[in-house]
Amino acid sequence: MMGMPGINVLKSLETELLEKENGMDMDYILAFEDVVFHYPDTVEPALRGLTAAIPRGCKTALLGHNGSGKSTLFLHAVGLLRPQRGRVLQAGLPVSYAKKELAALRRRVGLVFQDPEQQLILGTPQDDISFGLRGAGMDEAEIAARCAVVLELLNLSAIQDKPIHQLSLGQKKRTALAGVMAMEPELLLLDEPTSYLDPLSEAQLLDGLDSIHRKGTTVVMATHDMNLAYRWADWIIILDQGVCRAAGAPEGIFAGGELLQRLGLALPLLAELWHSLPPSVTAGHTAPRNAGEFKALLNSLLGEGMGERARVAGRQQ
Amino acid sequence: MWKSLFAAIMFALAYVLHPALQVLITLWMMLWCLQYAKIPPRAYGQLFGTALLFYGLSLPALLVELGRPAAGEAVLYLRIPGTAQFLYMTPAGGMRAALLLARVSACLACCLFIMLTTPFGELLQVLRRLRMPQIVLELMLVMYRFLFLLDDAAHGLLLARRLRGGHRGFRSRLREAASMAASLFANTMHRYYGLSQGLAARGFTGEILLPPYVKREVPRRFAFEAYAGIVLLAAAQLWMLWT
């Protein structure tokens, strides 16, 4: 799945969902099938026949303008909103809205809200992280072990007993993430996790996410930051006005700027730089996804160029 | 638990002991907060002063009397023009206010001691051990969270209004305060909705389960000082009663 370049437009997603229903080999952890949702007291529906799927094991970035339906999609994924038409499938099965099944769903699918205040409940990071675990009926030894792991992983050990209201925004965001991570969900959804964070806090948060992903969790991040999506994600989904406009690997999505331009989204800086180079230079190379890769590629290209010049000079002599 | 018990005993003593000992309790509890717990004096003073404002508001009722004082009874008086009535203050009224101040200060110092030196989570654990109903604990917990959310929202709104220039004049300020209260209400309701969504997303099943009570070792030096202090206060009260 991850190696599949190009853009799967809406039609192909529908086909893939159909294939999945027919038992064919498409491993999606979460899928939306023609989902419509209209908030009360609003003119336009938030989701208008959304069909999209999130591949298992991928780091997926959900892109789109404000009001494109990203947060609404997340609220549907954890059963906080129920589609007015269509259905949501988790691990291939339609989401059930019975109380018991919803509780089980929320243990499998974790959601980290954009505003951490929305989900921090108890007084200190240590207590708050244990909230969901205790609610799930775990014994205290298991709770302590899981808390210790996520506190360490997200660099929160030093502040585990500090009152929540004294934490910085970055620390609150990491605490909210830790509370969800401790539940060890198979799918982790993050709504604008890096908004308002300074570069250091953002780096710490992304390190934590990479650690979670390495352990086998599928991570989905809604973001406006195209540069971040480009360098971080394995799979991109673009939402616009409540429908999925495109989905695919970043190389494919960002290869042609027309779609993004049409949707009013900016091309990531690295992709723009790469595609502005002459095709004779980029031919045979894959587009770099981060500054390090870009630097290495430039060095190698420059090296090749210098070598060529040296060979030409040698022949002339 | 130890600290709560200590505060409870001190609170009880603050009610029953001689006013001079109540003053001592106030000073001793301040020592625990400011010296041992390193609470910033400014913050402590603000909290203490704010709470004492309520006492201040009741002062006129304690000190000032209306009527015709007996000869030599009033130390200060003011005749109400056109009547034979006086507003006056007596030494007894002053004494009543002073006694109340001693008791209020001592009780307040005990409350601040437990509030400022005990993490809220531990306080809830103690209350749970004292068999406080779960619903009360949950309400306390949610209210505690909302105190900070409310403070945060109010601070943000106030700052934004100040930066935008605000209004001048008393009437404009009143209008501004009213509109701020409305914004604050809307903001807080929005946050409340968000928090309820957050609770549901984290698997809230109708009961917030609190962490279990963890017994902590009390430093011997503090335990000794507390026991010694209680004994000395009780002994001083007995001595005052017998002499």
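The values are calculated or read from the model by the stated rules, or taken from the named source; none is laboratory data. The structure presented is a predicted model; accordingly, all values stated were derived computationally and were not measured. Here Cβ is always computed from backbone atoms with ideal geometry, including for glycine, and neighbour counts include all displayed protein chains.
The table that follows gives values for the structure above.
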read-out	value
Every residue from the stretch A:169-208 that is farther than 17 Å from A:Gln118 by Cβ, touching a helix residue (DSSP H, G or I) at 6+ places or on another chain (Cβ under 8 Å) and either within 14 Å of chain B (Cβ to nearest Cβ) or among the small types (Gly, Ala, Ser) (or both)	A:Ala182, A:Glu184, A:Pro185, A:Leu187, A:Ser201, A:Gly208
All positions within the stretch A:149-196 that are in a loop (DSSP other than H, G, I, E, B) and either under 30 Å from A:Tyr28 (Cβ atoms) or touching a His at 6+ places or on another chain (Cβ under 6 Å) (or both)	A:Leu154, A:Ala182, A:Met183, A:Glu184, A:Pro185, A:Glu186, A:Glu192, A:Pro193, A:Thr194, A:Ser195
Check on A:Gln126, crowded, with 18+ Cβ neighbours inside 10 Å, assigned to a loop (DSSP other than H, G, I, E, B), within 10 Å of another protein chain (Cβ to nearest Cβ) and polar (S, T, N, Q)	no
Residue in the stretch A:137-148 that is nearest to the other protein chains (Cβ to nearest Cβ), counting only those that are of a type in the set (A, V, I, L, M, F, W, C) and surrounded by 18 or more Cβ atoms within 10 Å (Cβ to Cβ)	A:Ile143
Number of positions in the stretch A:226-259 that are farther than 14 Å from A:Asn290 by Cα and among the acidic types (Asp, Glu)	2
Residue count, the stretch B:176-207 (criterion: among the aliphatic types (A, V, I, L, M) and loosely packed, with under 15 Cβ neighbours inside 10 Å)	6
Residue in the stretch A:81-110 that is farthest from A:Leu50 (Cα to Cα), counting only those that are touching a residue at least 24 places away in the same chain (Cβ under 8 Å) and within 12 Å of chain B (Cβ to nearest Cβ)	A:Arg107
In the stretch B:197-243, the residues that are more than 29 Å from the chain's Cα centre (by Cα), part of a helix (DSSP H, G or I) and without any contact (Cβ under 8 Å) to a residue 40 or more places away in the chain	B:Gln197, B:Gly198, B:Leu199, B:Ala200, B:Ala201, B:Leu238, B:Trp239, B:Leu241, B:Trp242
Residues within the stretch A:89-123 that are closer than 11 Å to A:Ala176 by Cβ, of a type in the set (Val, Ile, Thr) and assigned to a loop (DSSP other than H, G, I, E, B), tallied	1
For B:Arg103: the one exception among (1) without any contact (Cβ under 8 Å) to a residue 40 or more places away in the chain; (2) in the same structural domain as B:Gln22 (by the TED database)	(1)
Odd one out for B:Gln125 among (1) assigned to a helix (DSSP H, G or I); (2) of a type outside the set (A, V, I, L, M); (3) away from chain A (no Cβ under 11 Å)	(3)
Any chance A:Phe113 is at the interface with chain B (Cβ under 9 Å from one of its Cβ atoms), without any contact (Cβ under 8 Å) to a residue 60 or more places away in the chain and aromatic (Phe, Trp, Tyr)	no
